[in-house]
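Heads up: the structure comes next, in structure tokens.
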Amino acid sequence: MEQVLKHRAEIYGILILWVMAFHINSACYSLSNIPLLSNFIKIGNAGVDVFLFLSGYCLYLSLNRNSNVVNFFRKRFKRVVVVYLVIAIPFFFIKMAFKAPSYLISNYLYDISGLSFWLNNCLNVWFVHAIIVFYILTIPFFHLVKKGIGYSIALLLLLYVLNIIGFLYFPLYEKAAIAYTRIPAYVLGMILADCYQRYRIQERLTVIKPIYLSLLSILLIGYLIFFLAIDGRHLILSLSYTTGLYMFYITLILPVLSLALLILKVISKIRWLSSFFATVGKVSLEFYLIHVMLILILQFQGIQHNFGFWPWIAIPLLTLPLSLAANKLSELISNKINL
């Protein structure tokens with residue numbers, strides 16, 4: 001995990017580009033059947049689980065160093081809520097223009113508040129609404145995980161049981177299942193961070209021969225390749241609902257991180273590419289919001305399938321500069337209101 005933290009920005013960049021590829025492939029233009037690559041793009045939404053895992057890991061370490069709750073929420077508000085509002089306020093006005101006159105101010109507030117996601121399965125920018133709730137749950141999760149590994153395992157099992165009960169017995173659960181099923185990945189990150197510190201895993205790893213760690217990485221990447229080769233996504237969907245697929249994605253977190261580290265090692269001498277991934281990673285939230293909203297604007301107009309392969313080029317080219325601009329504007333606003 002030390003290598004993951006060292007290259008966190010670059011890994012975030014790889015992950016958000018993977019998520020974007022999934023969205024473009026699903027909504028605009030699907031790439032032809034390229035062995036392994038097509039299946040890899042189709043599970044790009046698993047990148048969300050890796051994001052949440054890393055968030056849980058890093059936030060546990062942060063709270064362990066400084067458990068000031070006010071400071072914790074101030075930082076989260078600055079990094080997530082301000083960025084979200086800077087991008088979402090104009091976007092939902094654009095949505096009003098496409099939906100008018102039926103799309104009223106009340107619907108605007110319903111969307112921007114996130115209630116449309118939790119109550120009506122509106123997936124516009126669901127990740128932001130979910131992560132805000134996850135942050136609220138972080139404090140009780142942190143204290144439970146800190147009590148010991150027994151509490152951690154019990155919490156993780158409880159979350160899976162609650163997901164199963166919600167899926168079977170509560171119709172409202174399905175409205176936001178895409179979020180509920182991702183809470184275990186977030187908590188797993190916190191648990192691993194606790195184990196690393198509690199059992200001094202990093203110190204123990206230093207006495208293990210590098211060849212064994214390399215073999216472990218090969219096994220993890222091999223598992224991911226096997227999953228792609230058998231089209232595990234299709235197999236799971238044929239046996240269960242998407243809820244089952246989302247709950248399964250937790251098993252792909254470490255293999256995906258191993259693959260990301262391998263990619264970074266391969267391109268380490270290509271400085272401009274490493275720098276590009278790091279730049280994208282530093283504005284990954286803005287990148288997520290803007291590319292999703294660009295795709296939604298095309299969908300509002302009903303023209304998302306009219307451009308063939310071009311969205312694969314146009315959307316990334318538009319998203320990066322807009323993300324950098326949104327990041328600067330968010331920082332300016334945060335400084336103005338002394339966050």
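The values are calculated or read from the model by the stated rules, or taken from the named source; none is laboratory data. The model shown is predicted, which means the values in this text are computed figures rather than measured ones. Every residue, glycine among them, receives a Cβ derived from its backbone with ideal geometry; neighbour counts consider all protein chains shown. The protein model used for the area step is the full one, side chains on, heavy atoms only, and it has no ligands, DNA or RNA in it. Shrake-Rupley method; radii C 1.70, N 1.55, O 1.52, S 1.80 Å.
Between residue 265 and residue 132, the modelled labels are 4.1 nm apart [label points 7 Å from Cα along Cα→Cβ].
Label sites at residue 68 and residue 37, each approximated as a point 7 angstrom past Cα along Cα to Cβ, lie 4.9 nm apart.
Across the chain, C-alpha contacts under 8 Å between residues 6 or more apart give a mean separation that, scaled by the residue count, equals a relative contact order of 37 percent. Computed from backbone phi, the HN-Hα couplings of region 268-280 come to 4, 8, 9, 4, 5, 6, 4, 5, 4, 4, 5, 4, 5 Hz, rounded to whole numbers (Karplus: 6.51 cos²θ - 1.76 cosθ + 1.60, θ = phi - 60°; Gly and Pro given as x). Distance from the Cα centroid of region 41-93 to that of region 246-281 is 19 Å (rounded to whole angstrom). Checked against a 23 Å cut-off, the cross-linked pairs 147/282; 42/269; 75/336; 6/75; 6/269 give Cα-Cα distances beyond that limit for 147/282; 42/269.
Of the two radii for region 8-116, the radius of gyration is 1.07 times the Kirkwood radius, both from the alpha carbons; that is the Rg over Rh value. Charged side chains reduced to their Cβ positions (Lys and Arg at +1, Asp and Glu at -1) give the chain a dipole of some 880 debye around its Cα centre. For residue 29, no residue whose modelled amide H falls within less than 5 Å of its own remains once neighbours fewer than 5 places apart on the same chain are excluded. In a reduced charge model with +1 at each Lys and Arg Cβ and -1 at each Asp and Glu Cβ, region 1-108 shows a dipole moment near 420 debye about its Cα centre. Spacing of the modelled spin labels on residue 75 and residue 153, each 7 Å from Cα toward Cβ, amounts to 3.1 nm. Each semi-axis of the equivalent ellipsoid for the chain is √(5λ) with λ an eigenvalue of the Cα gyration tensor; in descending order they amount to 30, 25, 22 Å.
At a probe radius of 1.4 angstrom, the accessible area of the chain per residue rounds to 51 square angstrom. Applying the Karplus relation 6.51 cos²θ - 1.76 cosθ + 1.60 with θ = phi - 60° to region 136-149 yields 3J(HN,Hα) values of 5, 7, 4, 4, x, 4, 4, 5, 5, 4, 5, 5, x, 5 Hz, where x marks Gly and Pro. Our Cα-only numbers for region 57-165 put the radius of gyration and Dmax at 17.6, 55 Å. Here the accessible area of the chain is 68 percent carbon and sulfur, with a 1.4 angstrom probe and all protein chains present. Across all C-alpha atoms in region 197-329, the radius of gyration and Dmax reach 19.6, 59 Å. Over region 191-339, Cα pairs under 8 Å with separation of 6+ residues give a relative contact order of 17 percent.
The residue 218 and residue 251 beta-carbon pair, evaluated with R₀ = 25 Å, returns a calculated FRET efficiency of approximately 0.90.
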